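Some notes on the structure that comes next.
The values are calculated or read from the model by the stated rules, or taken from the named source; none is laboratory data. Being a predicted model, the structure only gives us computed values, none of them experimental. Glycine also receives a Cβ, built like all others from the backbone with ideal geometry; neighbour counts cover every protein chain displayed. Heads up: the accessible areas ignore ligands, DNA and RNA and are worked out on the full protein's heavy atoms, side chains in. Shrake-Rupley method; radii C 1.70, N 1.55, O 1.52, S 1.80 Å.
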Amino acid sequence: MEIKEFSHRVYNNLFENILPFWRTTALDTQNGGFVGKVTYDGFPIPQAPKSLVLNAQLLWVFSSICLYEKRDIYLPFAQKSFDYIVEHFLDVKYGGAYWQLNAEGKVIDTQKEIYGQAFLISALVEHYKVTQDMNVLQYATNLFDLIEEKSHDDENLGYCEAFKRDWTPLNASRSGENSKLANRSLLTHLYILGAFTSLCRIWKDGNLFYRLKELIELFLEKIINSESMHFRLYFNKSWNETSNQISFGLDMESSWILCEAAQVLGNKDVIAQVEQLALNIADTTLEEGTDLDYGLFYQATQKEITDFDKHWWPQAEAAVGFLNAFMISQDKRYYEASVNSWIFIEKNLIDTVNKEWHWKVTRGLEPIQTSPKVSPWKGPFNNGRACIELLRRLYHIKAVHMDQVLLQ
């Protein structure tokens with residue numbers, strides 16, 4: 001598939017499939033904001049609770065699309081997301097954002113998950129870039145300061161994961177739909193890394209850059225298994241691994257986000273180390289995690305695949321991660337892998353009838369109809385961000401004539 005066609009197909013999916021769904025089906029016309037759940041076949045559930053993660057995703061996507069496309073039609077949706085978060089999710093007494101509301105916008109879960117706070121920082125950064133509203137930036141920097149004060153582990157490094165409303169520490173974390181209870185997780189630290197990377201681009205703060213450097217080192221020294229080339233998922237406070245699970249989707253997502261973080265940090269040695277790691281992970285994923293139909297398996301151990309289903313978000317991250325590997329190496333295998341990931345998405349995950357993407361399909365490529373289109377753990381972020389990342393990267397490949405490699 002040539003770059004022009006690849007870009008066209010990604011663009012059409014973003015603007016004709018994903019975004020129209022969130023502008024129409026997912027709108028909560030009764031209570032404001034967006035509904036917390038939509039069924040597999042596209043029916044909104046108005047009584048469903050509303051999660052911080054989903055609402056932060058919406059703010060991120062609508063703000064990012066304003067930056068990418070500069071269409072005024074999406075700005076009201078970004079502002080709608082921002083206003084809803086400020087009015088309903090922010091805790092004016094203790095700081096931070098609540099985990100969950102009921103359908104009417106009343107708080108039903110006051111727990112403070114660092115995963116959610118980090119997600120909100122990333123969303124606020126995108127919204128600030130659109131609006132240039134200093135109040136939005138202040139919300140983001142205040143959240144960073146709060147995470148530093150309440151969550152950073154000065155002794156073991158990294159961040160404590162979960163707190164009560166008043167920031168009393170908790171041992172249990174909900175850093176993913178099927179996450180295990182652990183003191184530290186890859187997912188939370190990955191989204192802190194992404195948040196700090198984004199914030200570093202607009203806010204020149206010495207402590208922020210220091211923490212970004214610390215996080216990158218933590219990924220390279222503690223979180224990656226340099227023998228298997230998989231990221232470890234769960235740890236105790238001392239960063240000893242507490243699970244043998246492997247997530248191919250998180251491997252690919254972490255690989256390209258680490259590259260972004262290293263570029264922002266600006267250390268050439270770190271950039272080289274991280275880019276080589278990204279290539280190693282891409283090779284491992286192609287060998288161990290990719291099925292004959294080019295879909296990514298959901299989960300495994302070091303010995304075997306334990307979940308053969310193909311979820312929407314690992315396929316999105318694979319498309320970006322493989323394209324990132326091509327940009328590093330100019331090895332055509334990675335470009336072809338990215339294209340194959342996208343073709344798998346088109347054939348099996350994109351819902352051409354009700355719009356958006358299915359949550360997952362079986363190994364036999366049957367959609368799981370019990371999995372909703374929208375939930376606290378399924379929003380427009382992974383697929384929306386993947387489309388934007390693919391479009392930006394394909395444009396760059398063309399602009400610097402890297403596409404000539406594909407003709408050789």
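The table below gives the values:
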| quantity | calculated |
| --- | --- |
| Complete set of residues in the range 336-357 that are closer than 27 Å to residue 398 by Cα and either touching a residue at least 24 places away in the same chain (Cβ under 8 Å) or in contact with a strand residue (DSSP E or B) (Cβ under 7 Å, 6 or more places away or on another chain) (or both) | 337, 338, 339, 340, 341, 342, 343, 344, 345, 346, 350 |
| The one condition in (1) over 24 Å from residue 15 (Cβ atoms); (2) open to solvent by 50 Å² or more (accessible area, probe 1.4 Å); (3) without any contact (Cβ under 8 Å) to a residue 40 or more places away in the chain that residue 333 fails to fulfil | (3) |
| Qualifying residue in the range 165-173 (condition: modelled with pLDDT under 95, assigned to a loop (DSSP other than H, G, I, E, B), over 28 Å from residue 69 (Cβ atoms) and touching a helix residue (DSSP H, G or I) at 6+ places or on another chain (Cβ under 9 Å)) | yes |
| Residue list for the range 1-34, restricted to those being open to solvent by less than 40 Å² (accessible area, probe 1.4 Å) and among the aliphatic types (A, V, I, L, M) | 3, 10, 14, 18, 19, 26 |
| Qualifying residue in the range 245-252 (condition: open to solvent by less than 30 Å² (accessible area, probe 1.4 Å), in contact with a Ser or Thr (Cβ under 8 Å, 6 or more places away or on another chain) and farther than 25 Å from residue 340 by Cβ) | no |
| Selection within the range 214-272 - closer than 22 Å to residue 156 by Cα and polar (S, T, N, Q) | 225, 226, 236, 238, 240, 242, 243, 244, 254 |
| Residue check for residue 75: in a helix (DSSP H, G or I), crowded, with 16+ Cβ neighbours inside 10 Å and in contact with a Ser or Thr (Cβ under 8 Å, 6 or more places away or on another chain) | no |
| Meets criteria (surrounded by 15 or more Cβ atoms within 10 Å (Cβ to Cβ) and under 22 Å from residue 65 (Cβ atoms)) for residue 126 | yes |
| Residue among 354, 348, 383 that alone is more than 20 Å from the chain's Cα centre (by Cα) and open to solvent by less than 40 Å² (accessible area, probe 1.4 Å) | 348 |
| Criterion violated by residue 133 - all others in (1) out of contact with any Gly (no Cβ under 9 Å at 6 or more places or on another chain); (2) surrounded by 15 or more Cβ atoms within 10 Å (Cβ to Cβ); (3) not β-branched (Val, Ile, Thr) satisfied | (2) |
| Every residue from the range 197-226 that is closer than 17 Å to residue 259 by Cβ and in contact with a His (Cβ under 9 Å, 6 or more places away or on another chain) | 215, 218, 219, 223, 224 |
| Set 116, 194: member being open to solvent by 10 Å² or more (accessible area, probe 1.4 Å), small (Gly, Ala, Ser) and either modelled with pLDDT of 95 or more or assigned to a helix (DSSP H, G or I) (or both) | 194 |
| Selection within the range 256-294 - in a loop (DSSP other than H, G, I, E, B) and among the hydrophobic types (A, V, I, L, M, F, W, C) | 292 |
| Which listed residue is of a type outside the set (Val, Ile, Thr) and without any contact (Cβ under 8 Å) to a residue 60 or more places away in the chain, from 261, 282 | 282 |
| Whichever residue in the range 152-168 is open to solvent by less than 70 Å² (accessible area, probe 1.4 Å) and more than 21 Å from the chain's Cα centre (by Cα) and, among such residues, is farthest from residue 96 (Cα to Cα) | 156 |
| Residues located in the range 46-72, provided they are open to solvent by 40 Å² or more (accessible area, probe 1.4 Å) and either part of a helix (DSSP H, G or I) or in contact with an Asp or Glu (Cβ under 6 Å, 6 or more places away or on another chain) (or both) | 67, 68, 69, 72 |
| Meets criteria (open to solvent by 30 Å² or more (accessible area, probe 1.4 Å), modelled with pLDDT of 95 or more and of a type in the set (A, V, I, L, M, F, W, C)) for residue 121 | no |
